[in-house]
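Scroll down for the structure; my scribbles are underneath it.
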Amino acid sequence: MATASTPTATRCCSYELVAQAGKARLGRLHLPHGVVPTPAFMPVGTAGSVKGLTPDEVWDVGASMILANTFHLWVRPGADLVQRLGGLHKMMGWTGPILTDSGGFQAFSFREKAKAQEDGVKFLSAYDRQWRFMSPEICVGLQETLGVDVAMALDECIAHPTERRKVLASTQRTTRWLHRCLAARKAPEQTALFGIVQGGFEADLRLEHTKTLSALDLDGYAIGGLSVGETAEERERMVALCADALPAHKVRYLMGVGYPIDIVEAVIRGVDLFDCVLPTRTARFGYLFTEKGRLAIKHAAHREDSRPIEDGCPCYTCRSFSRAYLRHLHQSGELLAPRLFTLHNLAFYQRLMARLRDAIAEGPEALESLRLQAKRWQEPYRDDPEDSHDPLSRR
C-alpha cells in the first residue's frame, strides 16, 4: 500500500508520497519554512492574520501552513513595506509555510469594474477606489517580494454558468498567463509556483487543461473554478477528473472548498491541500462545528447549558468554558466570543485532517467510516431549532 517519492534538491518545494488508501494520499509537503503533513487544511489569514488569533494560537490548534492573499497585502500595507519589514513571515510572526493566493479572484470579483485583457486585468478596487492593474508578471513579483513559500499563478476567474466558447477562451488565456508567470520568476529557490487548472464544468476542457499544465512540470497543481454555486455532484466529478490526470509525484490543492464532507470526498479522490474561510468566518457569527452537527450558540437551548461546545474536544475553548457562558459572550457582543469560537472551529478542522491522515494509513475501510461520519456533521445540532440563515447549511 505504501509508495514514496523523494524530495529533490533542485526545488524549494517537493511532495513525498508516504501511503495510499485507494486514491487517497498520505504525504509530506516539503517547503522552505517546514514540512506539512498532508492531507492538510490551511487557515485563511487574508491580510496576514487569521482573524482574532495570534500565530501561536493558530499553531497550537494544529495548523502547520496558512494562506494569505496577495491582493489585500498589495493594497495594505504594500508588498514593498512587507519586504522592508523582513518579509511576511517575520512581519506577522508565523514561522511555518505560507501560501498566497494570486489576488486574481479578488480582481475579478469587481466584475462591473474589471476588464480582462491579454496583458492582465484592470479593475477599480473597492478598498481604496484606485484603478489597479494585475499582470502575470506583477502577480509573481508581488508574491516573491512577500517572501512566501508558495505563489499561485494568475488565472482568469469566470462565473458559473458560462457558455462553452468563453470557458475555452478563458482557459487558454490562463495557460498563456501561466507561461508568463514562469518566465517572470526571479526567486524559484525561495518561492514555489503552483498552476491552477480551469475549464469550468466542461469535462473535456478541464481534462485538456489538466494535461496541458501537467506537462509543464510545475512545483504543484491547484484545482480552481469550483465552489461557485455548483452541486456537490458536479464538483466531485470535476475534482475526480482533474486529480486522476495530475502527476502523482506533485501536490494537489483544491481551492476554496471547505465543508468537512467536501474535504473528505476530495481526499478520497486524491486531493492533498485545502483552504477555506468557512471555519473562521462562521465562527464570528456564532456557528460551531461538532461531531453531532453544526451548533448555533445563539439559540436559547444553550442559555443554561454547563457543557462545553463538544465533549472530548481538547481545544482551549472547550476545556475552559460552558455553552452558557459562551452564549452570554456572543449575545453581549463581547470580542472574546469570536476568538473562542474561531479557536474551536479551527481545532475541529485540524482534528479532521489528522483523522483523515490516520484513516489513510489504516486503509479504505477506515476512510469510508470517516466519510459516513462527516456526512452527519452537516445536519443541524439536535437541540437547535431550524435556522434558515445558518451559513453552515451545505447548499
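The single condition among (1) within 19 Å of Gln83 (Cβ to Cβ); (2) touching a strand residue (DSSP E or B) at 6+ places or on another chain (Cβ under 6 Å) that Pro188 does not satisfy is (2).
For the stretch 360-370, the condition of being over 19 Å from Pro39 (Cα atoms), of a type outside the set (Ser, Thr, Tyr) and touching a Gly at 6+ places or on another chain (Cβ under 8 Å) holds for none of the residues.
Being of a type in the set (Ser, Thr, Tyr) and touching a Cys at 6+ places or on another chain (Cβ under 7 Å) holds for only one residue in Ser102, Ser125, and it is Ser102. Quick one: would you say Ala301 is aliphatic (A, V, I, L, M), outside the structural domain of Thr100 (by TED's automatic domain parsing), in a helix (DSSP H, G or I) and out of contact with any Pro (no Cβ under 6 Å at 6 or more places or on another chain)? Yes, satisfied. Exactly one residue out of His330, His344 is touching a helix residue (DSSP H, G or I) at 6+ places or on another chain (Cβ under 6 Å), part of a helix (DSSP H, G or I), of a type outside the set (A, V, I, L, M) and closer than 30 Å to Val18 by Cα: that is His344. The set of residues in the stretch 20-45 being of a type in the set (Val, Ile, Thr) and in contact (Cβ under 8 Å) with a residue 60 or more places away in the chain consists of Val36, Thr38, Val44.
Table: residues versus (1) out of contact with any strand residue (DSSP E or B) (no Cβ under 9 Å at 6 or more places or on another chain); (2) at pLDDT 95 or above; (3) among the hydrophobic types (A, V, I, L, M, F, W, C).
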site	(1), (2), (3)
Arg165	yes, yes, no
Leu168	yes, yes, yes
Arg176	yes, yes, no
His179	yes, yes, no
Ala183	yes, yes, yes
Ala192	no, yes, yes
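Pairing residues of the stretch 308-323 that are assigned by TED's automatic domain parsing to the domain that holds Gln350 with residues that are in a loop (DSSP other than H, G, I, E, B) and not basic (Lys, Arg), at Cβ distances under 6 Å and at least 6 apart in sequence or on separate chains, gives Glu310/Thr290; Cys318/Pro308; Cys318/Ile309; Cys318/Glu310; Ser322/Ser306; Arg323/Asp305. Scanning the stretch 232-246 for residues that are within 15 Å of Gln20 (Cβ to Cβ) and either surrounded by fewer than 17 Cβ atoms within 10 Å (Cβ to Cβ) or in contact with a His (Cβ under 6 Å, 6 or more places away or on another chain) (or both) yields a single hit, Asp244. Residue count for the stretch 32-50 under the criterion of being within 11 Å of Ser64 (Cα to Cα) and buried (at least 22 other Cβ atoms within 10 Å of the Cβ): the result is 6.
The combined condition, being touching a residue at least 40 places away in the same chain (Cβ under 8 Å), outside any loop (DSSP other than H, G, I, E, B) and buried (at least 24 other Cβ atoms within 10 Å of the Cβ), is not fulfilled by Val271.
With respect to being within 25 Å of Ser125 (Cβ to Cβ) and under 18 Å from the mean Cα position of the chain (by Cα), Gly27 falls outside the description.
The single condition among (1) without any contact (Cβ under 8 Å) to a residue 60 or more places away in the chain; (2) part of a helix (DSSP H, G or I); (3) under 16 Å from Arg185 (Cα atoms) that Gln143 does not satisfy is (1). Residue count for the stretch 281-313, restricted to those that are of a type in the set (Ser, Thr, Tyr) and either more than 23 Å from the chain's Cα centre (by Cα) or buried (at least 23 other Cβ atoms within 10 Å of the Cβ) (or both): 2. Among Leu207, Leu193, Leu226, Leu218, which is the only one that is part of a helix (DSSP H, G or I) and either touching a residue at least 24 places away in the same chain (Cβ under 8 Å) or of a type in the set (Lys, Arg) (or both)? Result of the check over Leu207, Leu193, Leu226, Leu218: Leu207.
If we scan the stretch 241-248, do we find a residue that is under 17 Å from the mean Cα position of the chain (by Cα) and part of a loop (DSSP other than H, G, I, E, B)? No, every residue in the stretch 241-248 fails to be under 17 Å from the mean Cα position of the chain (by Cα) and part of a loop (DSSP other than H, G, I, E, B).
Whether a residue is touching a His at 6+ places or on another chain (Cβ under 7 Å) and closer than 21 Å to Gly104 by Cβ was assessed, and Gly229 passes this test.
Taken together, Leu29, Leu99, Leu81, Leu17 contain a single residue that is crowded, with 17+ Cβ neighbours inside 10 Å, outside any loop (DSSP other than H, G, I, E, B), out of contact with any Ser or Thr (no Cβ under 6 Å at 6 or more places or on another chain) and not polar (S, T, N, Q), which is Leu99.
The values are calculated or read from the model by the stated rules, or taken from the named source; none is laboratory data. This is a predicted model, so every value here is computed, not measured. Reconstructed Cβ throughout: ideal geometry from the backbone, glycine too, with neighbour counts over all protein chains shown.
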